[in-house]
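Please treat every number below as a calculation from the coordinates, not as lab data. What you are looking at is a predicted structure, and each value in this text was computed from that prediction instead of being measured. Here the Cβ is made from the backbone with ideal geometry for all residues, glycine too, and neighbour counts use every protein chain on show.
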Amino acid sequence: MKFFIDTANIQEIEEGLSLGMVDGVTTNPSLIAKEKRPFNDVVKDILERVSGPVSLEVVGLKSGEMVEEGKKLAELGEQVVIKVPMTTEGLKATKILSGEGISVNQTLIFSPVQALMAAKAGAAYVSPFVGRLDDAAHNGMDIVEQILTIYDSYGFETEVIVASIRHPRHVLEGALMGADIATIPFKVIEQLAKHPLTDKGIELFLADWKKVLKLEK
Ligand code: E4P
């Protein structure tokens with residue numbers, strides 16, 4: 001399973017890279033806004049550091065606007081993936097952009113049939129938002145399983161990104177289902193590495209190490 005980091009924060013990206021946990025980056029307008037820096041500066045800093053896929057989202061609502069924005073964003077780096085919302089206008093944009101060789105991440109996916117349509121339109125990635133579905137009293141991971149079944153049945157190569165991750169269990173379930181990618185907030189990457197028994201084990205080993213007879217110099 002590939003790990004993308006779901007952030008536009010450079011410190012988090014650098015820390016994730018040093019852990020070897022950043023196969024790519026996903027951003028969205030909300031994550032960019034949190035940085036309180038000009039969009040172009042944020043994007044430049046990310047692209048200088050990350051060679052894997054970096055998703056940048058369009059904000060136009062009409063397919064023509066999305067295509068125009070997407071083409072400009074794609075010029076910023078060969079690793080740029082254009083994030084296009086899952087609407088009928090978005091599907092038209094995905095068809096055009098992917099037809100021109102530009103990778104698209106169809107975002108804001110909340111049902112398996114939306115993911116089926118995105119794959120048919122040529123999306124390289126789909127992002128089902130599991131956390132937001134959980135927030136609305138659904139089981140977000142159910143749609144990931146259904147999307148994987150559909151893609152497997154029909155041989156679609158579109159990669160499934162488990163998105164809107166809230167906790168380590170989303171990552172575990174996605175990995176067990178065979179989802180291609182999880183895009184994970186930095187806080188959850190840290191949580192994934194932690195286990196109280198690991199901390200306890202270190203504590204015990206260090207306490208015992210103090211009891212080991214050491215040779216005098
Ligand atoms: C995905 O690419 C999105 O950036 C992200 O996962 C949205 O997550 P949220 O529901 O925590 O905003």
> Any idea how far apart LYS120 and PHE205 come out in nm if each label point goes 7 Å out from Cα toward Cβ?
Replying inline: 5.4
> Hey, got the Cα dimensions of region 35-160 along the principal axes, in Å, largest first?
Replying inline: 38, 31, 28
> How high is the relative contact order of region 1-77, in percent, counting Cα pairs under 8 Å that sit 6 or more residues apart?
Replying inline: 28
> Helix 196-211 versus the longest principal axis of the chain: what angle, 0 to 90°, nearest 10, using Cα atoms?
Replying inline: 30
>> What distance in nm lies between label points placed 7 Å from Cα along the C-beta direction at GLU100 and VAL113?
In response: 3.1
>> Filter LYS36/LYS120; LYS44/LYS71; LYS34/LYS72; LYS34/LYS92 down to the pairs with a C-alpha to C-alpha distance above 28 Å, please.
In response: LYS36/LYS120; LYS34/LYS92
> Whole-Hz Karplus ³J(HN,Hα) for region 127-133, in order, using 6.51 cos²θ - 1.76 cosθ + 1.60 and θ = phi - 60°, x for Gly and Pro?
Replying inline: 10, x, 8, 5, x, 5, 5
> Given 10 Å bins starting at zero, what is the percent of C-alpha pairs of region 2-211 in each, up to the one with the largest pair distance?
Replying inline: 9, 33, 34, 15, 5, 3, 1, 0
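Over the chain, what is the relative contact order in whole percent, taking alpha-carbon pairs under 8 Å and six or more residues apart? Write out the running numbers ahead of the final one.
Working: 368 pairs, mean separation 36.3, N = 217.
It rounds to 17 percent for the chain.
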> Helix 39-49 versus the longest principal axis of the chain: what is the Cα-based angle in degrees, 0 to 90, to the nearest 10?
Replying inline: 50
